[in-house]
1. Going down the table (LYS58/LYS184; LYS32/LYS56; LYS32/LYS124; LYS25/LYS232; LYS32/LYS106), which pairs top 21 Å between alpha carbons?
2. Counting GluC sites (Glu not before Pro) as exposed when in a DSSP loop with at most 15 other beta carbons within 10 Å, what is the longest stretch of the chain free of them?
3. Would you order TRP73, TRP68, TRP61 from fewest to most other beta-carbon atoms within 10 Å of each residue's own beta-carbon?
4. Counting only helical runs of four or more DSSP H residues, what would the 222 nm mean residue ellipticity of the chain come to if each run contributes -39,500 (n - 2.57) and the total is spread over all its residues?
5. Please compute the length gained on full extension between SER62 and GLU113, using 0.36 nm multiplied by the number of residues separating them and subtracting their Cα-Cα distance.
6. Return the Rg/Rh value of the chain, two decimal places, where both radii are evaluated on C-alpha atoms and Rh is the Kirkwood radius.
Amino acid sequence: MIQIHNNTEEINKTAADLFTASAQKAIAEKGKFTAVLTGGSSPAGIYKLLASDDYKNKIDWSKVFIFWGDERWVPLTDDLSNAKMSYSTLLSHVPIPSENIFEMYKDGVTPEEYAVTYEQSIRKVLGEEGKFDLILLGMGDDGHTASLFPGEAVLEEQTKWVDAYYLAPQKMYRITLTAPLINKAEKIVVVAFGEKKTHALKEVTAGEYNPTLYPMQLIKPISGELLFLVDKIAAGEN
Ligand SMILES: O=C1O[C@H](COP(=O)(O)O)[C@@H](O)[C@H](O)[C@H]1O
């Protein structure tokens with residue numbers, strides 16, 4: 001489903017409300033909430049809202065478990081780190097236990113080794129079902145999501161839940177959840193706004209099926225819900 005909003009503020013509020021409602025429901029039903037954060041620039045407003053006085057006390061953060069959809073293989077101190085942005089906007093401002101936060105980077109190991117460790121951590125918290133309560137995703141201007149980039153072998157991955165590889169065009173390693181794992185989730189919310197997203201959004205949602213070119217097309221939940229929160233500009237209405 002695609003929801004078209006008037007502006008970014010509306011998208012941020014809708015996403016923060018969805019996050020809060022999913023957390024409350026999961027905690028009431030199962031005693032814990034498992035969520036995946038997205039990187040990039042798009043989610044910063046959502047995270048800041050969740051950390052604000054209006055929102056943060058609505059969630060029992062001691063029962064929240066945070067993972068990431070992908071990461072650039074850089075230390076947490078690096079401005080390119082998706083985790084760094086998530087801490088500065090959200091995680092450093094809410095009472096979540098540090099052991100409930102699963103950063104997608106570790107010093108002293110290779111990205112490939114850490115992909116295996118990260119998958120084990122997911123299995124420990126979620127069990128063999130691997131069903132996250134909520135996954136937030138962004139979408140790159142080229143139609144990539146998480147670190148599922150056009151033309152990369154990771155798009156074909158069927159078995160692993162987490163993969164790492166060298167992304168030659170960006171000259172850096174990436175670590176990412178794979179499409180088969182993402183698709184197990186209860187709810188997947190994709191946030192995209194601004195004119196740079198217009199072309200990819202049209203191709204992803206209304207174009208021919210060509211996930212090699214537009215990897216976001218691989219995101220098709222098995223039994224859960226997929227919701228795009230976009231603004232009028234991204235939707236091509238302005
Ligand atoms: O490289 C990445 O980009 C996408 C999109 O980022 P945005 O800045 O256009 O919102 C993001 O979803 C992904 O997590 C990130 O690693």
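Each reported figure results from applying straightforward, stated rules to the coordinates on display, with no laboratory input. What you are looking at is a predicted structure, and each value in this text was computed from that prediction instead of being measured. Positions of Cβ are backbone-derived with ideal geometry, glycine not excepted, and every protein chain shown enters the neighbour counts.
1. As for pairs spanning more than 21 Å Cα to Cα, those are LYS58/LYS184; LYS25/LYS232; LYS32/LYS106.
2. The longest uninterrupted stretch comes out as 1-127.
3. By the 10 Å Cβ count, ascending, the order reads TRP61, TRP73, TRP68.
4. Estimated from H runs of four or more residues: -8500 deg cm²/dmol.
5. 15.5 nm
6. Values: Rg = 16.6 Å, Rh = 17.8 Å.
In the chain, Rg relative to Rh is 0.93.
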